[in-house]
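Here's the structure, in structure tokens; my notes come after.
We did not get these values from a lab; they are worked out from the coordinates using the rules stated. Only a predicted model underlies this, so the values are computations on that prediction, with no experimental measurement involved. Here Cβ is always computed from backbone atoms with ideal geometry, including for glycine, and neighbour counts include all displayed protein chains.
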Amino acid sequence: MDKLKAILAASLLLASPALADPLRVRLDFGGSLDRAAPDSLDAALGYASRQTLEAKARLMWQGGAGPWRIEMQTLLAYQAGDNVAFSSALAGLSPPVPPPSYFDLSADITSSANARLSLSLDRLSLSYAGGNVVLKIGRQAVTWGAGQVFNPSDIIAPFSPAAIDTAYKPGVEMLYGQYLFDNGNDIVAVLVPRRAMAGGPLDWGQSTLALRASLLLGALDGTAMLAQDRGDTLLTLSLGGPLGGAAWNVELGQWFMADGSQATNALLNISNSSALGDINITYFAEYFRNGLGVDTATPLDALPPALASRLATGQLFNVGQDFLALGAQIGVAAGATLSPVVITSLNDGSVAAKVQLAVSPTDNLDISLNASKGFGPNGTEFGGRETTAGSGTYLRPPTTISLRLSRFF
């Protein structure tokens, strides 16, 4: 209750008349239908068919003077339907994982088995930008990587390849520093402190410390990152540039695990754009090698600890090893874009397909219709991996249809 009062106080400050002019608001309304196969884990838990409604209100404010800036965002979220109980049932099957951020700045206003109304302080930071230096402390978000679908080097609260709404990453407590060189290069240092368990002391073994440099090499863009993340070490190198009218990126990542094992990630993509009459099309192809992945015969309860840990913390989303993603953004009409994406497991031939129709009738209103489905036999990446050998129960993506409306003020 004290935490809820503190978040409410911050929200009232954000919405006070003194801050009315710079205040921005985003409202989201949506609903989804999910249908899973009879032999899926969803069905085993009693949620083969699910219907869910959602509503969100995000209040955003930025202010400051000179080189100093303050950013604050609160998020009021309501969810009602089967996915509320289904999420709780899934959480009960897995051991607790370390919290993603140092402070828990979310609280339930009211909750029941099938409905939840929560309030969270998603951004609260103070920054200084003067000369060649940028410093920022507090709850914030950072995004790294050059992937179109997969982003293995985005180790701080990344989005899933299946994510629909990617407008705002979840905020985490962070110390951020950047130095900008006069030649266009820069170097960034980030510290994300975490606890091993909610309410526990600071645990450096669960924290993230990263140093990342961006380099301009003629017509090429390069990056290098060295990170200590949740007890493991990651080194990544990437390079990208033009290829005729197209653009390409290559990224290599080497994991050095605390247990002495190693794993190599690889990412390669190429993108281009063209026009077909009045229709503008941007398209891409992307290959991802998941060095932590395992073959298709491995059930979920036999995954290596390093892979299971990254899945539990939301830093990886696929169990397999090799993936090919093909996608496009097609301007079908003024203010309307059709975006199909197909992800294929090169190890077993299973496929995940999703498509989004995004329409913007006005500058401050967005409407999106989304559909996704997995294809493949039992025992495959997108057809469903067996939870336990011989169980006959598979974790597979359900067939999903969703609609979302976003209004900006």
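Tell me the net charge near LEU93. Cut-off is 14 Å between Cβ atoms, LEU93 excluded, with +1 for each Lys or Arg and -1 for each Asp or Glu.
Numbers: positive: none; negative: ASP42, ASP301.
Counting the neighbours of LEU93, the net charge comes to -2.
Principal axis extents for the stretch 118-180, Cα atoms only, whole Å, descending order, please.
38, 33, 16
Among 388-395, 223-230, how do they line up by average Cβ neighbours within 10 Å per residue, starting with the highest?
Numbers: 388-395: 14.1, 223-230: 18.9.
Peptide ranking by packing, descending: 223-230, 388-395.
Of the labelled options (i) 57, 53, 38; (ii) 62, 56, 56; (iii) 64, 56, 44, which one gives Cα extents along the principal axes in Å as computed for this structure?
(ii)
Would you mind pulling out the separation of the Cα centroids of the stretch 340-409 and the stretch 222-297, in Å?
The stretch 340-409 and the stretch 222-297 have Cα centres separated by 21 Å.
Can you tell me which of 242-252, 71-81 comes out highest on packing, and rank the rest after it, using the mean Cβ neighbours within 10 Å?
Details: 242-252: 14.7, 71-81: 19.8.
The packing order, highest mean first, is 71-81, 242-252.
Net charge near PHE375: determine it from the other residues with C-beta under 15 Å of the C-beta of PHE375, scoring Lys and Arg +1 and Asp and Glu -1. Walk me through the numbers on the way to the answer.
Values: positive: ARG35, LYS354, LYS373, ARG385, ARG396; negative: ASP348, GLU381.
Around PHE375, the charge tally is +3.
If you take the charge dipole of the chain about its Cα centre, with +1 on Lys and Arg Cβ and -1 on Asp and Glu Cβ, which of THR110, SER391, LEU239 is farthest toward its positive end?
THR110
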